[in-house]
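Peer 1: Input: one structure, supplied below.
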Amino acid sequence: MQSDKPYLLLIVGPTAVGKTEISIHLAERLNGEIVSADSRLFYRGMDIGTAKPSPEEQERVPHHLIDIANPDEILSLAVFQQKATAAISDIHTRNKLPFLVGGTGQYIRAVTQGWTPPEVEPDEALRDELEQLKEINGSYWLHDKLKALDGEAASKIDPRNYRRTIRALEVIMTTGKKFSKQRGQSDSPYHLLTFGLTRPRAELYQRVDERIELMFANGFIKEIKSLLDKGYSPSLPTMSAIGYRECVSVIKGELTEDQAKLQIRRATRVYVRRQANWFKESDPNIFWFKVEDGVVDSIEKNIRQLVDF
């Protein structure tokens, strides 16, 4: 298929579906490189709890936007957008095929749909007020307020991610307009080919449970102790990622490991359902593939039929 725009291949799907392994196989076969759109993979030292591709996996295929910041350097959506666009352009200039891979929907859309984040300057006084309300009522209270004001925005923000919740409330309260309606959008600069990966929900949950057990066996608690020993505060937004907050509670003696695992399983299931709001199996622009024997061959064949190599 001829295209007047450069190709960008997207590999999307829920947590633990197998995006890392499949995208590496495809990139090896198709002279590709991988750009991560998983916001949890940006941060150095946060490896086990994020299921970051191993050094061996990253050696097989070049990866971009992994380990590009310290845990206390919070990357905004706009900064990610700039870095991802630059990485994709660099891959194109070397006549390679870029794969944008991840399950963080807003990061993928920011790149593929040319989002322009709302131009609202930070209001520190308002943020402080919202932070105080969070301390009094809890971060879930803030998310409930956002849900009442802008249900669409709330459905796509993890209730645990109070920083993004506060930003959405800040934009709404400053402009009087819904946060979900304020993202500027333009035609994609790429010829997009989106491949979605799916598994039966029960199988996906089993893989999540196995991943959690493996994380703890591989030293998840030790990883977080190391971050704390380096001076990173447990209140950092990065440390509120699923698994990290629970493990901090284990270290503090507030939870047992079994209790933490249970909470992580529950939170991950909620996150999996939220990811489905971003990438729907009814979307006609996504080629969906069930992950089973031969799936890499099937996707490769599909790509070769669509891309003008």
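Peer 1: Which ranges mark the helices (runs of 4 or more DSSP H) fully within the stretch 77-177 that have 2 or more residues being among the β-branched types (Val, Ile, Thr) and either surrounded by 14 or more Cβ atoms within 10 Å (Cβ to Cβ) or out of contact with any helix residue (DSSP H, G or I) (no Cβ under 7 Å at 6 or more places or on another chain) (or both)?
Peer 2: Those helices (runs of 4 or more DSSP H) span 77-93, 105-112, 162-175.
Peer 1: For the stretch 23-76, which residues satisfy the criterion of being polar (S, T, N, Q), crowded, with 20+ Cβ neighbours inside 10 Å and outside any loop (DSSP other than H, G, I, E, B)?
Peer 2: 23, 36, 39
Peer 1: Name the one entry in 75, 100 that is more than 28 Å from residue 226 (Cβ to Cβ), assigned by TED's automatic domain parsing to the domain that holds residue 204, under 16 Å from the mean Cα position of the chain (by Cα) and aliphatic (A, V, I, L, M).
Peer 2: 100
Peer 1: So, of the residues in the stretch 234-261 that are modelled with pLDDT under 95, assigned to a loop (DSSP other than H, G, I, E, B) and out of contact with any helix residue (DSSP H, G or I) (no Cβ under 7 Å at 6 or more places or on another chain), which turns out to be surrounded by the most Cβ atoms within 10 Å (Cβ to Cβ)?
Peer 2: 236
Peer 1: While we're on this one: Go through the stretch 202-231 and count every residue that is more than 23 Å from residue 45 (Cα to Cα) and either part of a loop (DSSP other than H, G, I, E, B) or touching a residue at least 60 places away in the same chain (Cβ under 8 Å) (or both).
Peer 2: So the answer is 3.
Peer 1: Still on this model: If you take the residues of the stretch 262-309 that are in a helix (DSSP H, G or I), among the small types (Gly, Ala, Ser) and at pLDDT 90 or above, which of them is farthest from the chain's Cα centre (by Cα)?
Peer 2: 298
The values are calculated or read from the model by the stated rules, or taken from the named source; none is laboratory data. Quantities reported herein were computed from a predicted structural model and do not represent experimental measurements. We place every Cβ from the backbone using ideal geometry, glycine too, and count neighbours over all the protein chains shown.
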